[in-house]
Amino acid sequence: MQLLERLFDNCALYRHPVIADDRGSLVALEGERNLPFAIARVYYLFGGAAGADRGFHAHRQLQQWAVCVSGACTIVVDDGRERREVRMDSADKGLLIGNMLWREMRDFTPGAVLMVLASAPYDEADYIRDYDTFLAEARK
Ligand code: T46
């Protein structure tokens, strides 16, 4: 993994190692090998309506690795003090999003697919979906 940009201590953009030959390219992501956590869940966002934004929450514990495997989108990440954004526009880029970071996803291109590898199964209790609650918990 090549570090491209560090956004916060627990949030950074990486370039994946790409295995390429004359048939095309392949990226392998392996929990606890080239990713910093064991993968417990994979989900992906696709078929987004034009102009539809997603996210608007933080996770208390969850760590995630986001890859826009097709098309592009922008991910905004906020630690309660500062807001950074990154354009995810290539399947060879991965964004580590650690816990206690507010995220918003927007400006999906038509047909974009955002795949997310997560460190834990789905648990609604891990979500903070109210920004003021997030700020209060983040600043503790
Ligand atoms: C995140 C960003 C990047 C499930 O039942 N299982 C799942 O694994 C997930 C991820 C969601 N859901 C349900 C919960 C909601 O009823 O699917 C519905 C839509 O989820 P949500 O509104 O949270 O989707 P996004 O796109 O706003 O956020 C998702 C993830 O939930 C979140 O963890 O970091 O993508």
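Please treat every number below as a calculation from the coordinates, not as lab data. As the structure is a prediction and not an experimental result, all values here were calculated from the model. Cβ placement follows ideal geometry from the backbone for every residue including glycine, while neighbour counts extend to all protein chains displayed.
Between Rg and the Kirkwood Rh of region 84-140, both from Cα atoms, what is the Rg to Rh ratio?
Rounded to two decimals, Rg/Rh equals 0.99.
I need the GluC sites (Glu not before Pro) found in region 1-50, filtered to DSSP loop residues with at most 15 other beta carbons within 10 Å of theirs.
30, 32
Express in % the proportion of alpha carbon pairs of region 1-81 at distances exceeding 19 Å.
Considering region 1-81, 50 percent of its Cα-Cα pairs are separated by more than 19 Å.
If you keep only loop residues by DSSP, which GluC sites (Glu not before Pro) in region 36-131 have at most 12 other Cβ atoms within 10 Å of their Cβ?
82
Please go through region 30-84 and write out the trypsin sites (Lys or Arg not before Pro) that DSSP classes as loop and that have at most 14 other C-beta atoms within 10 Å.
Listed in order of number, the matching sites are 33, 60, 81.
Report ³J(HN,Hα) in whole Hz for each residue of region 105-115, in order, from the Karplus equation J = 6.51 cos²θ - 1.76 cosθ + 1.60 where θ = phi - 60°; Gly and Pro get x.
Karplus values, whole Hz, x for Gly and Pro: 10, 8, 6, 5, 6, x, x, 5, 10, 9, 9.
Whole Å is fine, so just give me how far the alpha carbon centre of region 105-127 lies from that of region 30-69.
After rounding, the separation between the Cα centres reads 4 Å.
Would you order 76, 42 from fewest to most other beta-carbon atoms within 10 Å of each residue's own beta-carbon?
Taking fewest neighbouring Cβ atoms as first place, the list is 42, 76.
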